[in-house]
1. Counting only C-alpha contacts under 8 Å and six or more residues apart, can you give the relative contact order of segment 227-378 as a whole percent?
2. Please sort 67-73, 151-157, 659-665 by packing, taking for each peptide the average over its residues of neighbouring beta carbons within 10 angstrom, highest first.
3. Students often get this wrong, so check it: of LYS203/LYS608; LYS203/LYS366; LYS285/LYS366; LYS203/LYS377; LYS66/LYS765; LYS115/LYS666, which have C-alpha atoms separated by over 23 Å?
4. Need the C-alpha centroid separation for segment 147-226 versus segment 305-327, integer Å.
5. Show which lysines lie in cross-link reach of LYS253 when reach means a straight Cα distance below 16 angstrom and same-chain residues fewer than eight apart are skipped.
6. If I model a spin label as a point 7 Å beyond the Cα along the Cα-Cβ vector, how far apart are those points for GLU231 and ARG610 in nm?
7. Roughly speaking, what is the stretch gain from ALA564 to ASP240, that is 0.36 nm per residue apart minus the C-alpha to C-alpha distance, in nm to one decimal?
8. What order do you get for 797-803, 713-719 when each peptide is scored by the mean count of other beta carbon atoms within 10 Å, highest first?
Amino acid sequence: MALHDISLNDRFDLSKRVVLLGGIQALVRMLLMQKARDEAAGLVTAGYATGYRGSPLGGVDLAMWKAGKQLAAADVRFEPGLNEDLAATALWGSQQAELRGEGRVQGVFGLWYGKGPGVDRCGDVFRHANMAGTSKYGGVVACMGDDHTGESSTVLHHSEFALVDAMMPILSPAGVQEVLDYGLLGWALSRYTGCWVGLKCVKDTIEVTEVVDGNPHRLKIVEPTGFAMPEGGLNIRLGDTPVAQEARLHDHKRFAAEAFARANRIDRRVWGNAQARIGIVSAGKSWLDTQHALQLLGIDAAEAERLGITTYKVGMVWPLDMASFREWSHDLELIIVVEEKRKLIEVQIKEAIFDDRRGRRVVGWKHEDGSVLFSVKQALDPVKIARALGRLLGREGIETEALIARLATLDEAVRADNAEEIAVRKPWFCSGCPHNSSTRLPEGARAYAGIGCHYMVQWMDRETVGFTHMGAEGANWIGEAPFSRRPHVFQNLGDGTYNHSGSLAIRAALAAGVNITYKILYNDAVAMTGGQPNEGGLTAPQIARELQAMGVKAIVGVYDPKEAVDLKAFPPGIRMRPREDLDTVQREMQQVEGVSAILYIQTCAAEKRRRRKRGTFPDPDTRVFINPEVCEGCGDCGVQSNCVSILPLETPFGRKRMIDQSSCNKDYSCLKGFCPSFVTLEGARVRKAERAALAIPDLAAPVLPAIDGTWNIVVTGVGGTGVVTIGALIAMAAHLEGLGAGEMEMAGLAQKGGAVHIHCRIAEKPSDISAIRVATGEADAVIGGDLVVTAGARTLGLMTRGRTRAVVNAHEIPTGDFTRDRSFRLPTDRMTISLRARIGEDALRMLDATRLAERLLGDAIYANVLMLGAAWQAGLVPLSEAAPSIRTLA
């Protein structure tokens with residue numbers, strides 16, 4: 001097999017047509033594509049991208065920075081915002097650049113990005129900017145990052161109705177290809193209508209990687225003919241009035257959007273014909289799920305036509321292209337609307353046919369008898385949709401033997417999805433995380449959490465319960481304090497949140513005169529989303545000066561003496577104390593009337609590790625070890641440090657403790673217990689184990705599985721150990737072989753030691769892949785990098801006896817619970833039995849990949865790569881020529 005000539009640089013190389021691209025990378029590429037389209041049209045334009053990070057758009061800024069040279073060459077400026085609404089206001093300004101005759105280009109095409117709560121925050125600016133309009137040769141696409149299941153959010157969020165309230169058209173892409181396509185359509189739509197255009201970005205469409213057509217000129221976008229454009233058009237203008245803006249918005253802009261959608265067939269019939277009597281409507285992620293659901297029911301395009309079924313894919317979910325919809329649905333008897341969360345398309349459809357007296361029926365959220373079909377809560381998945389559709393079709397007289405059999409199979413899979421949750425891998429603070437120390441409280445004290453890593457303290461038994469949305473930290477105490485017997489509380493606040501909007505909450509507390517101590521952690525990184533720097537280069541001394549200027553009288557800086565903190569840089573009046581004095585400082589602050597502040601200065605542990613590798617951060621030449629002959633296994637070191645680098649050590653004399661030198665960040669908090677078993681060594685170097693001789697014999701190539709439709713792989717593990725890399729390797733290997741590939745990361749808080757799931761589908765061609773998320777019982781192969789995650793109910797539900805085979809790491813990786821509970825043990829035997837019971841003895845292969853990786857490769861971090869090699873050798877990965885490294889490791 002000849003491998004395709006592919007490079008990682010292809011993702012932003014517009015001369016490359018077929019590329020493997022992630023959804024967030026697609027946002028970068030579409031900026032370059034828009035510039036190329038404008039140049040081809042003879043326009044002189046520039047681009048401007050801004051916003052604020054947050055899952056599932058947490059890595060947009062990182063992707064933009066990596067593509068800095070390509071963006072600069074295309075005259076596209078990336079500038080992350082201090083917060084979401086200020087970024088949106090800057091974009092509003094970009095649309096005014098040429099209005100006064102002072103612009104250096106004809107227009108600026110803009111991209112805004114923000115998490116769902118950031119969309120809420122921008123309600124005011126979205127309304128103002130959308131009413132004002134966009135530039136004729138500019139336009140704005142607003143990417144709204146929604147988290148429907150609350151995997152990395154404090155709310156289960158979807159933003160469509162927020163944009164409807166501002167009357168912004170909304171495009172909902174189904175996959176990475178449509179992220180590109182709809183981005184380009186969005187700018188054209190924005191230019192034509194004068195509206196800001198929303199681009200729905202949910203995990204299943206933006207945190208995925210797929211093979212796409214990246215030709216910037218692939219789409220032929222046209223302007224409507226016959227639409228009555230008002231005098232002066234719909235774009236932004238000087239000297240406008242709110243009354244005139246509102247009139248244009250309601251009288252023209254909405255209908256211009258519908259006309260544009262119809263002219264470009266954004267909404268379209270996919271299956272079936274005009275003679276069908278049942279129609280299925282969906283959009284975006286739900287469209288992918290619906291396609292998948294129909295496959296589960298054994299219904300393809302030919303079968304749908306035979307059964308009298310037609311499908312309709314909505315691309316612009318608001319405003320609905322009423323003319324095209326009425327044309328499609330004219331002779332239907334039943335319209336089934338499949339959409340996740342609150343129903344937006346369904347209500348518009350009912351409006352579209354309200355005056356029709358031909359008796360067309362519409363069901364979606366509920367059936368006509370009141371029973372729930374497609375819930376507004378949580379998320380939909382292909383199995384839920386398939387079962388609901390199958391029953392609906394049965395009620396309508398469509399009950400073929402094949403359909404009945406498929407429904408029975410799905411029902412059985414759901415009944416079998418009842419696995420007990422034996423153990424849970426909760427996210428936890430990293431080894432040496434500042435929060436391990438900073439979140440400790442004096443006895444009897446109480447604290448609130450907030451947005452950021454310190455949110456996780458709420459499940460760590462530290463009297464910290466309750467939180468607010470981003471930027472309001474402590475403001476809830478303003479309302480609680482007058483009605484509480486408690487005289488004082490602490491409020492944790494990260495430096496990123498302080499910079500974003502939290503400083504205003506401190507001012508509000510000052511104005512109210514409540515007794516509260518803000519514990520502001522300055523860790524010099526926005527750690528939750530990948531370690532980005534704070535916008536504007538915020539420093540700890542700068543925060544101290546700002547607190548003084550606000551009127552905070554009592555301010556103490558607490559610092560880690562091991563770090564190079566310049567104490568002279570802090571303003572007069574700021575007492576500086578080593579972190580060992582934190583408890584004393586907190587007790588003093590409890591007695592202060594009004595607002596006080598502790599500025600806790602300690603670098604993020606993950607950033608510390610990265611910087612030490614680069615030689616840009618102090619690296620103490622001291623290592624801590626535990627003498628097992630002295631250790632009594634009391635576990636006080638874990639309680640004192642809350643550190644996950646303290647591991648169990650089984651000895652003939654019982655369970656002891658040991659320090660994992662590979663993950664230890666040299667925080668030394670474990671020494672606080674004054675345990676005689678601890679030994680500190682100056683100048684010590686960890687001796688690497690002798691590598692076993694890698695005399696790998698010639699291995700026969702395994703019998704690789706044939707791909708029938710899609711081959712579905714699930715990879716599990718612990719955040720930060722290369723699980724995401726394994727998914728990327730599989731997807732790239734498939735791309736090299738010219739196959740279709742789709743890969744999705746489900747991490748949430750996993751980068752903090754939590755559970756990671758990677759779903760990957762491989763097909764003969766990209767069009768064979770619809771939804772990438774593997775549904776109940778659909779996994780063909782499981783690569784289990786961690787036994788706890790692999791044997792969890794969420795993963796077991798994806799497995800089926802007779803179909804699924806698994807290679808699982810048998811090594812015990814303790815969870816964060818071990819830091820608090822001296823007797824905690826992983827129920828390894830029960831988890832192994834659960835896996836065997838699910839897929840059968842012959843389908844399960846267990847190996848201690850962590851120990852094997854240490855012996856063969858000298859580092860346990862390679863355990864997951866070794867698992868990939870073992871999976872290939874077991875015939876679980878249908879890749880051959882593109883995977884020589886996999887073969888070698890196997």
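The values are calculated or read from the model by the stated rules, or taken from the named source; none is laboratory data. Just so you know, these numbers come straight off a predicted model, no measurement behind them. With ideal geometry, Cβ positions are generated from the backbone for all residues, glycine too; neighbour counts draw on all protein chains shown. Only protein heavy atoms, including side chains, enter the accessible area calculation; ligands, DNA and RNA are left aside. Shrake-Rupley method; radii C 1.70, N 1.55, O 1.52, S 1.80 Å.
1. Computed value for segment 227-378: 24 percent relative contact order.
2. 151-157, 659-665, 67-73
3. LYS203/LYS608; LYS203/LYS366; LYS66/LYS765; LYS115/LYS666
4. 18 Å
5. Straight-distance partners of LYS253: LYS136.
6. Those two pseudo-labels are separated by 5.7 nm.
7. The ALA564-ASP240 span can extend by a further 111.2 nm.
8. Per-residue mean Cβ counts within 10 Å order the peptides as 713-719, 797-803.
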